[in-house]
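Below is one structure, written out as structure tokens; the observations come after it.
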Amino acid sequence: MLRYVTTNPGKVREAESYLADGSVSQLDFDYAEIQADELAPIAARGARDAYREAGEPVLVDDAGLFVEALDGFPGPYSSYVEDTLGIDRVWEIVHDLEDRRAAFRCTLAYCDGAGFAASPDAVDRGDRVAAAAAGPGGGTDDGGEDDEGGGGEGRAESLPVKLFEGYVPGRVVAPRGDGGFGYDPIFEHDGETFAEMDTERKNAVSHRGRALEKFAEWYADR
Ligand SMILES: O=c1[nH]c(=O)c2ncn([C@@H]3O[C@H](COP(=O)(O)OP(=O)(O)OP(=O)(O)O)[C@@H](O)[C@H]3O)c2[nH]1
């Protein structure tokens, strides 16, 4: 059984459509998120911690909204900003900007305690971070060194983690729609906010959908 590690049931609903019925269940484990400018090291550390907690294969999902004119804010701090300011106040801030372009990014980190065969799309950490910044990227291996900005934790650091990234461009708009979760009502892609889309439509274009598609393909063939 694959455990989707999140406190957010909205993420699990979206993931279920990519994985065989009954093959995934939510692990409501609030892993400690390290501070970092990128999602990848946060997700990788979370996956190692969650695997140690669960003792079975885990998938951690770290996501965020990156507003271009705010140099990527709130980015990895999206959850904190949603809890403190709320999305209406995020909209108020962005409303005053001329350029309201933004992107959603998602990094999935898989850990099952085993190593992974080198894959053609495996890149070193520097390239992976560049790939994340550039948008869509394939699955990459996080070699398991202490590259996450946190302190050493002995052998836990050697647990290999596989990363999958997804990206969707859009813009921040006044809240519209009742569906989805998080920032969905203020994120518009192709004329519709994510909150105006049903799960199937959102998955077809979203950052999480892109990352899940890559993960599901790799997971089925591994
Ligand atoms: O409009 C949205 N559409 C999405 O598809 C989406 N995915 C994530 N988010 C929001 O971005 C932050 C991520 O934070 P996050 O990855 O740390 O997750 P989280 O705090 O919700 O739960 P957990 O998985 O960490 O337990 C949180 O504010 C989420 O609400 C989204 N908002």
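The values are calculated or read from the model by the stated rules, or taken from the named source; none is laboratory data. Model, not experiment: these values are computed from the prediction. A quick note on method: Cβ atoms are made from the backbone with ideal geometry, for glycine too, and the neighbour counts reach across all protein chains shown. Keep in mind that these areas ignore ligands, DNA and RNA; they rest on the heavy atoms of the full protein, side chains included. Shrake-Rupley method; radii C 1.70, N 1.55, O 1.52, S 1.80 Å.
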Within the range 17-33, restricting to residues that are surrounded by fewer than 16 Cβ atoms within 10 Å (Cβ to Cβ) and of a type in the set (Asp, Glu), the one that is farthest from Leu163 (Cα to Cα) is Asp21
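Matching residues to (1) surrounded by fewer than 21 Cβ atoms within 10 Å (Cβ to Cβ); (2) more than 15 Å from the chain's Cα centre (by Cα); (3) touching a residue at least 40 places away in the same chain (Cβ under 8 Å); (4) under 18 Å from Leu97 (Cβ atoms):
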residue: Glu165; (1), (2), (3), (4): no, no, yes, no
residue: Val172; (1), (2), (3), (4): no, yes, yes, yes
residue: Arg176; (1), (2), (3), (4): yes, yes, no, no
residue: Gly191; (1), (2), (3), (4): yes, yes, no, no
residue: Asp198; (1), (2), (3), (4): yes, yes, no, no
residue: Arg201; (1), (2), (3), (4): yes, yes, no, no
residue: Ala204; (1), (2), (3), (4): yes, yes, no, no
For the range 18-28, does any single residue satisfy the condition of being under 20 Å from Pro76 (Cα atoms), more than 12 Å from the chain's Cα centre (by Cα) and touching a residue at least 60 places away in the same chain (Cβ under 8 Å)?
no
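Within the range 34-52, track down each residue that is assigned to a loop (DSSP other than H, G, I, E, B) and buried (at least 18 other Cβ atoms within 10 Å of the Cβ).
Ala36, Glu38
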If you check every pair at least six apart or on different chains, which have Cβ atoms under 8 Å apart with a residue in the range 3-15 that is closer than 11 Å to Leu108 by Cβ and assigned to a helix (DSSP H, G or I) first and a residue that is more than 7 Å from the ligand (Cβ to nearest atom) and modelled with pLDDT of 95 or more second?
Lys11/Tyr4; Ala15/Tyr4; Ala15/Leu59; Ala15/Leu212
Might you check whether a residue that is surrounded by fewer than 17 Cβ atoms within 10 Å (Cβ to Cβ), more than 10 Å from the ligand (Cβ to nearest atom) and farther than 22 Å from Ala174 by Cβ occurs anywhere in the range 61-70?
no
Within the range 7-16, the residues that are more than 10 Å from the ligand (Cβ to nearest atom) and surrounded by fewer than 17 Cβ atoms within 10 Å (Cβ to Cβ) are Arg13
When you look at Val94, is it in a helix (DSSP H, G or I), open to solvent by less than 20 Å² (accessible area, probe 1.4 Å), away from the ligand (no atom under 13 Å from the Cβ) and closer than 26 Å to Arg171 by Cα, yes or no?
yes
Residue ID - nearest to the ligand (Cβ to nearest atom), chosen from residues in the range 71-88 that are within 18 Å of the chain's Cα centre (by Cα) and open to solvent by less than 50 Å² (accessible area, probe 1.4 Å):
Ser78
Kindly establish whether Ala69 is under 25 Å from Glu92 (Cα atoms), not in a loop (DSSP other than H, G, I, E, B) and not aromatic (Phe, Trp, Tyr).
yes
